[in-house]
1. Is it the case that the range 170-181 has a residue that's touching a residue at least 40 places away in the same chain (Cβ under 8 Å), open to solvent by 40 Å² or more (accessible area, probe 1.4 Å) and outside any loop (DSSP other than H, G, I, E, B)?
2. (1) modelled with pLDDT under 75; (2) part of a loop (DSSP other than H, G, I, E, B): which one isn't true of Ala8, the others all being true?
3. Which of the residues belonging to the range 56-68 are surrounded by 13 or more Cβ atoms within 10 Å (Cβ to Cβ) and under 18 Å from Arg159 (Cβ atoms)?
4. Could you grab me the full set of residues in the range 89-132 that are under 23 Å from Ile179 (Cα atoms), touching an Asp or Glu at 6+ places or on another chain (Cβ under 9 Å) and among the polar types (S, T, N, Q)?
5. Do you know which residues across the range 152-169 are among the basic types (Lys, Arg) and open to solvent by less than 20 Å² (accessible area, probe 1.4 Å)?
6. Answer yes or no as to whether Phe147 is open to solvent by 20 Å² or more (accessible area, probe 1.4 Å), of a type in the set (A, V, I, L, M, F, W, C), outside any loop (DSSP other than H, G, I, E, B) and within 27 Å of Ile26 (Cβ to Cβ).
7. With the requirement that a residue be charged (D, E, K, R), farther than 16 Å from Glu118 by Cα and modelled with pLDDT of 95 or more, what does the range 155-176 give you?
8. Residues Gly141, Gly154: which one is under 21 Å from Asn33 (Cβ atoms) and part of a loop (DSSP other than H, G, I, E, B)?
Amino acid sequence: MKRIITLAVVLIISNLTVAQVRVGDIVVPEKLNFEGEELTFNGGAMRKVLSFKTYSGTLYTKAKYSEDKKVLDSDETMAIRLNIASKKVTNERMIKVFRKGFDDAMFGNTQSLDERIEDFLKLFDSPMQINDFYDLVYLKGKGIKTFKNGKELGFIKGRDFKYALFKIWLGNEPACEIIKGGMLGVSK
């Protein structure tokens with residue numbers, strides 16, 4: 001019995017020591033690990049529509065970045081985490097955001113990515129709920145693995161796909177300027 005109590009205390013203490021960061025009302029881990037590569041919180045921000053918080057976006061990288069172009073051009077493992085903060089964020093709305101984002105990121109020239117974009121959008125066909133989170137993980141030299149609440153949804157190959165996907169939030173015309181600045185650590 002003493003061993004069980006000791007183990008429980010150790011588990012509770014170890015969970016308390018995991019560093020976390022607050023992004024708006026969302027608490028995210030300071031570090032993530034994907035396929036043995038540790039990524040550190042680079043920055044993040046909460047997207048608001050009018051005064052409603054909709055979702056947060058955070059960027060995890062191996063090295064600290066403050067320039068969008070360096071993130072986009074990098075061939076290092078990195079991730080974007082999206083945390084849903086409102087029931088108004090539905091999978092249908094998220095798919096619309098992705099479609100418009102890919103179109104804006106590629107200046108309407110998505111032909112080389114169209115099949116992969118459609119495969120990616122299918123990963124978002126299940127309903128979204130408040131506190132769901134999605135990890136869009138670029139694996140160096142491979143492509144994007146997508147996770148929902150820690151469960152793998154699928155893989156889309158290509159560094160060119162990563163470039164277009166990350167450009168949705170980090171490009172010249174991002175989906176949300178506040179999230180871009182937050183991800184790069186240049187605004188709060």
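The values are calculated or read from the model by the stated rules, or taken from the named source; none is laboratory data. Here the structure is a predicted model, which is why all the values come from computation and not from measurement. Counting neighbours? That spans all protein chains shown, and the Cβs are built from the backbone with ideal geometry, glycine included. When the accessible area is computed, the model is the full protein with side chains, heavy atoms only, and any ligands, DNA or RNA have been set aside. Shrake-Rupley method; radii C 1.70, N 1.55, O 1.52, S 1.80 Å.
1. Yes, the range 170-181 contains at least one residue that is touching a residue at least 40 places away in the same chain (Cβ under 8 Å), open to solvent by 40 Å² or more (accessible area, probe 1.4 Å) and outside any loop (DSSP other than H, G, I, E, B).
2. Against the list (1) modelled with pLDDT under 75; (2) part of a loop (DSSP other than H, G, I, E, B), Ala8 comes up short only on (2).
3. Residues satisfying the conditions are Leu59, Tyr60, Thr61, Lys62, Tyr65, Asp68.
4. Of everything in the range 89-132, just one residue is under 23 Å from Ile179 (Cα atoms), touching an Asp or Glu at 6+ places or on another chain (Cβ under 9 Å) and among the polar types (S, T, N, Q), namely Asn91.
5. Looking only at the range 152-169, we keep the residues that are among the basic types (Lys, Arg), and these are 157, 159, 162, 167.
Result: Lys162, single match.
6. Working: open to solvent by 20 Å² or more (accessible area, probe 1.4 Å): yes; of a type in the set (A, V, I, L, M, F, W, C): yes; outside any loop (DSSP other than H, G, I, E, B): yes; within 27 Å of Ile26 (Cβ to Cβ): yes.
It is true that Phe147 is open to solvent by 20 Å² or more (accessible area, probe 1.4 Å), of a type in the set (A, V, I, L, M, F, W, C), outside any loop (DSSP other than H, G, I, E, B) and within 27 Å of Ile26 (Cβ to Cβ).
7. Arg159, Lys167
8. Gly141
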